[in-house]
Amino acid sequence: MSAQPARLGPIELAPGVSRTNLLCFLFASFVTIGLFTYLTLLTPYILRVNLGLPEEQQGIVSGQLQFSQEIIILLVIGLWGALSDRVGRRAVFIAGFSIMALAFALYPFAGSVPELISYRLVYGVGLAAASAMLATILADYPAERSRGTLIGFSFLLNGLGSVFFFVVLSRLPDLYSAQGAEELWAGRLAYLTVASIAVVTAIVMFGLKPGLPTQREEKPPIGRLLVEGLQAARNPRIALAYGSAFAARADLAMVTLFLSLWVVQQSTATGLTTAQATAAAGLVIGISQGVATLFAPVLGVWGDRLNRVTVMIIAFGIAAVGYGWTGLISDWTSLTVTNVSALVVLGMGLSGAILASTLLLGQEAQAELRGSIFGLQAFCGAVGILTIAIGGGWLFDNIGPWAPFAAMGAANGLIFLFACIVRVVSPGETGKPGAPAAIH
């Protein structure tokens, strides 16, 4: 008689996954999104303090840095995903956090834009590995009946971790300055602090489940795994999940890249120091992340009760409104009711879009191909981030800070329409064996 699947509270786990495995993954959920965004969050500090760039160049340089990062992600993320189908998720996750730790330690010592770009390339390699594994393990670990609940709880931890990084750790330069550090070294110490968090996380990841999620008779070449991941897009719901990643992953990059720059520029214009302006940007982004934190488990519960394409429609509809509204705000130097309301809707859209995309793909992807499929989904996300890095920087500097947000609102609106079409022509199963039936 087979052993009963392990549980952690209301979450039933897939066969072979232990509570310890899940707890280690949940620790990663808490820190990973913060590690993905902190380097970008403090980049305006580096551009101003380390390099002394004038404000009129910062938008374009920020876009160049993001462009370089996304190019390397595009090149390696599918390979990381396919590699995890051959050697296991744990090894790839550990490698990702270790490489990011190195990048965090190097980045604040850059003395030129080309040097910054080289360190962003290192960071991109590590981010690609960790990003692919965060989504893949999230698909591996739950039983189907608990998929939405675990994804919602994981995103809750994503949000809590993001708030910790944005609201607390964004103040590190100011705190180190208050302790007597020069402005240059205050930024360096902040990055070194976060590098140590990445090292600790890599060590914790040794507690993940070793080996492969399923056993195949052979270990196919990485090239074949990538082809099989592409062929999976014949399923309209997987195609929707791939397409949605284009907007969903760009969403978070948009907030950390351009909203933080917008707030920092307006705040320094009022006389705040760079460290104080960075803290102000962290608070603004922290509000949206706090809302994302609270909304994620709600949408996760819906995900176990509603058709999962319907969840996509809800999430991307909210995201489209949130970005459009944020672009209409002209003054971020104070938190008015209107500003906070826009951030609330934006936060709901941020977590909702990524959660809905992950939930649908986790339901549809074959276990033995999840690394490849989620790697390709992350590839699509990198294309989205790359697009907004190129176009968004130009829009920010030449049209206005509001323009990238209007563009992202339109992108989310297109995915909303795509999801509506898929819901009509290919809604998918209304339930899985052993899972509660989904509600239309």
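The values are calculated or read from the model by the stated rules, or taken from the named source; none is laboratory data. Keep in mind that this is a model prediction, so the values were computed, not measured. A quick note on method: Cβ atoms are made from the backbone with ideal geometry, for glycine too, and the neighbour counts reach across all protein chains shown.
Some points to look at:
Okay, residues lined up against (1) among the charged types (D, E, K, R); (2) within 20 Å of residue 369 (Cα to Cα); (3) not in a helix (DSSP H, G or I):
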{"site": "46", "(1), (2), (3)": "no, no, no"}
{"site": "49", "(1), (2), (3)": "no, no, no"}
{"site": "56", "(1), (2), (3)": "yes, no, no"}
{"site": "61", "(1), (2), (3)": "no, no, no"}
{"site": "68", "(1), (2), (3)": "no, no, no"}
{"site": "77", "(1), (2), (3)": "no, yes, no"}
{"site": "94", "(1), (2), (3)": "no, no, no"}
{"site": "104", "(1), (2), (3)": "no, no, no"}
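- Filtering the range 16-55 to residues that are of a type in the set (Phe, Trp, Tyr) and over 17 Å from residue 351 (Cβ atoms) leaves 25, 27, 38, 45.
- In the range 117-133, the residues that are among the aliphatic types (A, V, I, L, M) and either outside any helix (DSSP H, G or I) or surrounded by fewer than 24 Cβ atoms within 10 Å (Cβ to Cβ) (or both): 117, 121, 122, 125
- Within this structure, residue 117 fails the test of being closer than 19 Å to residue 89 by Cα and modelled with pLDDT of 85 or more.
- When the residues of the range 331-347 are filtered to those that are closer than 14 Å to residue 321 by Cα and touching a residue at least 60 places away in the same chain (Cβ under 8 Å), the one that is surrounded by the fewest Cβ atoms within 10 Å (Cβ to Cβ) is 347.
- Some residue of the range 357-375 being surrounded by 20 or more Cβ atoms within 10 Å (Cβ to Cβ), hydrophobic (A, V, I, L, M, F, W, C), in contact (Cβ under 8 Å) with a residue 24 or more places away in the chain and within 13 Å of residue 249 (Cβ to Cβ): yes
- Output for the range 320-343, where each listed residue is under 29 Å from residue 421 (Cβ atoms) and out of contact with any Phe, Trp or Tyr (no Cβ under 8 Å at 6 or more places or on another chain): 321, 322, 325
- Failed criterion for residue 290 (all others in (1) surrounded by fewer than 21 Cβ atoms within 10 Å (Cβ to Cβ); (2) among the small types (Gly, Ala, Ser); (3) under 24 Å from residue 403 (Cα atoms); (4) under 19 Å from the mean Cα position of the chain (by Cα) hold): (3)
- Lone unmet requirement of (1) surrounded by fewer than 23 Cβ atoms within 10 Å (Cβ to Cβ); (2) modelled with pLDDT of 85 or more for residue 9: (2)
- Residue match in the range 28-40 (condition: more than 15 Å from the chain's Cα centre (by Cα) and either surrounded by fewer than 24 Cβ atoms within 10 Å (Cβ to Cβ) or basic (Lys, Arg) (or both)): no
Rundown of residues vs (1) modelled with pLDDT under 85; (2) over 14 Å from residue 29 (Cβ atoms); (3) within 23 Å of the chain's Cα centre (by Cα); (4) surrounded by fewer than 20 Cβ atoms within 10 Å (Cβ to Cβ), yes/no style:
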position: 135; (1), (2), (3), (4): yes, no, yes, no
position: 154; (1), (2), (3), (4): no, no, yes, no
position: 167; (1), (2), (3), (4): yes, yes, yes, yes
position: 182; (1), (2), (3), (4): no, yes, no, yes
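- Scoring residue 400 on the criteria (1) part of a helix (DSSP H, G or I); (2) surrounded by fewer than 18 Cβ atoms within 10 Å (Cβ to Cβ) leaves a single failure, condition (1).
- Scanning the range 79-89 for residues that are surrounded by fewer than 24 Cβ atoms within 10 Å (Cβ to Cβ), in contact (Cβ under 8 Å) with a residue 40 or more places away in the chain, closer than 22 Å to residue 242 by Cα and within 16 Å of the chain's Cα centre (by Cα) turns up nothing.
- Filter pass, residue 144 being surrounded by fewer than 24 Cβ atoms within 10 Å (Cβ to Cβ) and within 21 Å of residue 362 (Cβ to Cβ): yes
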